[in-house]
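Only one structure is covered here, and it is reproduced in the block below.
The values are calculated or read from the model by the stated rules, or taken from the named source; none is laboratory data. Note that the structure is predicted; figures quoted are calculated from it, not measured. As a convention, Cβ positions derive from the backbone with ideal geometry for all residues, glycine included, and neighbour counts pool all protein chains shown. Heavy atoms of the whole protein, side chains included, go into the accessibility calculation; ligands, DNA and RNA do not. Shrake-Rupley method; radii C 1.70, N 1.55, O 1.52, S 1.80 Å.
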Amino acid sequence: MRYPSHLLKKISKHGNLVKIRALLNDPSIHTVCEEAHCPNLGECFEKHSLAFMILGDVCTRNCSFCAVAGGIPQTVDPDEPKKVLDAVKKLGLKYVVVTSATRDDLPDGGAAHYAKVIENLRLNVAVSKIEVLIPDFCGDEAALKTVLDAKPFVLNHNVETISRLYPKVRPQADYIRSLKLLEMAKKLSPSIYTKSGFMVGLGEADEEIISLLRDLRSVFCDIVTIGQYLPPSSKHFPVSRFVEPETFEWYSRIGRELGFEKVFSGPFVRSSYKAEEILCSPNNQKGY
């Protein structure tokens, strides 16, 4: 399928990937940028911007849109919090984004490991802010509280798509459960930023997108990211349309009118794309 001109990236992926990998010098450090085949990899790696992927590179779920490998995951690496810390130091990062594959095989979904990574960064590095992009933890409030108690600056959980498409796109997830997780996060930690994101081009109608935005605001979600779905391969869920940049601007206007504190909407927007630029502004009053 030929992509429209506004979806063509000119920044080299390979050169910047080699550069970052040489700097990290540790193949056990995973990034979601690589595992999910992010189109922004070249641009972000050029700026030493990335999202760490903890708890291994194998997911226990099998979402039809995602490039992350599914199957039987590895044993959790107890040294991973230190490895992430070392990588942050090497890259000189001040704003750190941490995510993971879904680990339904673990009793707490990996929440305690998330907390260790966050706490290690907070205690040992002059990191200004930490953002976590978490799975749904099967709706477990105790697991969510474990992560929140470690005091990340932003808690992100993606709804990914509209409710109607969940059976085809996210068959092991639940739309209402994801909304409730975001609502719980705000109730447990009112001062924290909550964030969510979704893709367009999976077969949704614009009115369904507006309904999704309203649902996110109804659970007091502060920040939303909206980007174009691009299938990682011909075996993944097919793209239904390529949304024009003007339409993304329209989504952004609607989001602001609904009361989102930040709306980041565009063809190449992804969950952690320019995360630091979204939040770190002179007028930003939240945080720890």
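The table for this structure:
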quantity: Residues within region 225-281 that are in a helix (DSSP H, G or I) and in contact with a Pro (Cβ under 7 Å, 6 or more places away or on another chain), tallied; calculated: 2
quantity: Residue, most open to solvent (accessible area, probe 1.4 Å), within region 188-236, restricted to residues that are among the polar types (S, T, N, Q) and out of contact with any Gly (no Cβ under 6 Å at 6 or more places or on another chain); calculated: 234
quantity: Helices (runs of 4 or more DSSP H) completely within region 27-137 that count 2 or more residues being farther than 28 Å from residue 228 by Cβ, in contact with a Lys or Arg (Cβ under 9 Å, 6 or more places away or on another chain) and open to solvent by 30 Å² or more (accessible area, probe 1.4 Å); calculated: 111-124
quantity: Among the candidates 267, 190, 238, 245, residue that is out of contact with any strand residue (DSSP E or B) (no Cβ under 6 Å at 6 or more places or on another chain) and touching a residue at least 60 places away in the same chain (Cβ under 8 Å); calculated: 245
quantity: Of all residues making up region 138-152, the number that are under 22 Å from residue 218 (Cα atoms) and open to solvent by less than 10 Å² (accessible area, probe 1.4 Å); calculated: 2
quantity: Enumeration of residues in region 15-58 that are at pLDDT below 85 and touching a Gly at 6+ places or on another chain (Cβ under 8 Å); calculated: 15, 16, 17, 42, 48
quantity: Hits in region 246-272 - residues which are surrounded by 14 or more Cβ atoms within 10 Å (Cβ to Cβ) and in contact with a helix residue (DSSP H, G or I) (Cβ under 7 Å, 6 or more places away or on another chain); calculated: 251, 254, 255, 258, 260, 262, 263, 264, 265, 266, 267
quantity: Yes/no for residue 286 being part of a loop (DSSP other than H, G, I, E, B), more than 22 Å from residue 37 (Cα to Cα) and at pLDDT below 95; calculated: yes
quantity: Count - residues of region 157-184 that are over 18 Å from residue 68 (Cα atoms) and not in a helix (DSSP H, G or I); calculated: 2
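This table checks each residue for (1) free of Cβ contacts under 8 Å to residues at least 60 places away in the same chain; (2) within 20 Å of residue 155 (Cβ to Cβ); (3) of a type outside the set (Ser, Thr, Tyr).
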| residue | (1), (2), (3) |
| --- | --- |
| 28 | yes, no, no |
| 38 | no, no, yes |
| 42 | yes, no, yes |
| 50 | yes, yes, yes |
| 56 | yes, no, yes |
| 64 | no, no, no |
| 69 | yes, no, yes |
| 74 | yes, no, yes |
